[in-house]
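The values are calculated or read from the model by the stated rules, or taken from the named source; none is laboratory data. This is a predicted model, so every value here is computed, not measured. Cβ: placed from backbone, ideal geometry, glycine included. Neighbour counts: every protein chain shown. Ligands, DNA and RNA are excluded from the accessible area calculation, which covers all protein heavy atoms including side chains. Shrake-Rupley method; radii C 1.70, N 1.55, O 1.52, S 1.80 Å.
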Amino acid sequence: MKRTMTQDFKRSDLLAEMGVNKQDTSDFWLRLDTLIDVCSLTESDKTFADVMSEKWSEFFTEYSFNNTTYNYASKYKLGFIFYFEKKINLLRNDKQLYSMLAGLRTKTTALELGEFTYNELVEQVMKHSSPVVDNQEHYFRKELHYSIRRYFNTKGEEDKVKLSGETVTFLQTYQKEINELITDIEKEITKRNTKGNTTAAAGQPNPPVKQQTVEREKVAVTVSDDFKGNDVLKEFGVKKEDEGYFWLKLDTLIEVLALKNDPRELISLMQESWNIFFSDYEFNREVLYQYIHKYKIGYNLMHNQKLSEIRKIKFFYTMLASAIFKLKIIQNNDYLIQSLRLEIKDEEIKFVRNMDSHYTKELQFFFKRYFMSGQSNFNQTITFDKKYKAFLEKYEENLCILRDCILEEIDNRISQGIENEQTQQSADENAPSSDNSQSMEEQMKKLRERYELILGQKNSEIRDLQDELDHYQISGQDEFMYAAEQYDKAIKDLLYKLNSNTNGYILDQLYCYSEDKTELSDENVKMLIQNMFYTLSGFGISAYATGSVGKEMTVVPDKVGIDYRIYNNAIISGEEKGTQIYSGWKFKNKTIIPPLVDIDKEV
């Protein structure tokens, strides 16, 4: 079947095309995605778009089906179209399966709970989905959070959601179909995971994917390229004000244990020592394993006595910067950040000189990481919290040993670097030309494969970022539309009250009086005007400085437009005498129009 889709189509285009109001957005997405679920299970020779069109009225009565709806399905729900065409096994991107499962599980678990908080729903879905999603738990959680926000319009972790009777009935109607899809998708995920493990066990090379497999105490563990350092903070629920101290303790824990002579894996040692460093956070093996093998791999290799596998010397300067930064905190509680670089002992200078730029950059990184300043000013003075020094003093000896080990390794690298370079040059000169040619071809082939892999990864990241951007664009547009609606509502409300029977038909009477269509006594006019100001006060509009009307005052140029206005926009060059002739005006206690002053002119 041939599929066509506009490449620049966005979710917001569908909402705009359908004219969906902000308050109806969540229900719209819930119904539309469920429609796509049901259509994917339909046995038919027709196209997916035709099946959607036929079933549309079963899900929506207030909106009409059009091509924009299919564009949404073909861009954001492609996995369900593959399922409809019985080609789910040909779906190349495994992540689409996890995305499909997240949306389906969100609906069934929400129906099961009926009333829940954001966190409760996440916890229950993860219980139902484990261990099927363990290989992509981070990505699955991300899709799960997105589904909850879309379907139930909630972002806060403790926001309480109670399904309406209409929503419960709707989900119950299609519960059987959704559960059938869940079963089939979980089977497909399990089959792919099993196939991947079998291939690895047989010693066959794995196809290029966006992950790498590493050993963890004889258990294959997937390290995801999607994992980011800040995911650690999210998974542990670290508060913003505690982030710096959390990073300091976590990094110190890893650095101290890296030196320990123990055959067990570093992650196991961390679990054993966790409560000594963190009593308020529960140990999370998977998240910390991801963090170590993506951001702290040097310490893991140090623990396994495999520092020789670190090819780039700059990694040692990063490790050196981390150790010396902590030692400087111990030595002094108040200093210029610049001194971290300048106060290094003389015998260490030679090691830093050739990598000064990178080393300096790393010092800045740790400064921001631990003290959350957001500054890059090397001359900034920082007074450290006493708890930083008290904590690090316990591990000063370990940090000194770590520093010396790193400096020794750097010294060895620098000493061997020239010899290795000369040896390689000599070997290249003496090698036969045919070998060089073959070697070059092999290198080019590897480079092409690496380039294609990286390109595929980056394209996938771009798509993910575009989806996220679309989501925030929709939210922004929704907020703008909501603000515009509230503004219109306020104006209509003001108009209604100014002309209500209760307030004496202020607009009607004043308009007819101004057009000589009716007569009003001075007393009635005054009463109507007073009613008008009373009505305006209910909207936050009020006069101020009324007691100063008619009084003399001194005005200066610097205060014009702030404390007062000048009658007829007269220009003053210095201090002048004047008389306040009108009051000022405020909206919700904020000055909008200052009092009007008439400058006294000498005759």
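Odds and ends about this structure:
- Under the Karplus curve 6.51 cos²θ - 1.76 cosθ + 1.60, θ = phi - 60°, whole-Hz ³J(HN,Hα) for the range 271-281, x wherever Gly or Pro sits: 4, 5, 9, 4, 5, 5, 8, 9, 9, 9, 10
- Rg over Rh for the range 543-603 works out to 0.97, both radii taken from alpha-carbon positions and Rh defined as the Kirkwood radius.
- Formal net charge of residues neighbouring S44 (Cβ-Cβ distance under 10 Å; K, R +1; D, E -1): -3
- For H303, the shell of other residues with beta-carbons less than 12 Å away shows a net charge of +1, using +1 for Lys and Arg and -1 for Asp and Glu.
- Greater than 25 Å apart at Cα, pairs in K228/K387; K95/K234; K228/K312; K46/K142; K162/K588; K127/K234: K228/K387; K46/K142; K162/K588
- Its residue count N fixes a reference of 2.2 N^0.38 Å for the range 8-141, and the Cα radius of gyration divided by that reference is 1.11.
- Heavy-atom accessible area order for E17, E85, largest first, 1.4 Å probe: E17, E85
- Placed amide H near S500: partners under 5 Å, 5+ positions off or other chain: Y505, I506
- Whole-Hz Karplus values for the range 100-115 come out as 4, 5, 4, x, 5, 5, 4, 5, 5, 6, 4, 5, 5, 7, x, 9 Hz, taken residue by residue from phi with 6.51 cos²θ - 1.76 cosθ + 1.60 and θ = phi - 60°; glycine and proline positions read x.
- Using the Cβ of I178 as centre and a radius below 12 Å, the other residues enclosed give a net charge of -3, where K and R count +1 and D and E count -1.
- Across the range 253-294, Cα-Cα pairs farther apart than 15 Å form 37% of the total.
- Amide H contacts under 5 Å for W585, placed H, 5+ residues apart: Y544, I592, I593
- Accessible surface of the range 1-124, 1.4 Å probe: 41 percent of it comes from carbon and sulfur atoms.
- Distance between the range 556-603 and the range 236-273 - C-alpha centres, whole angstrom: 64 Å
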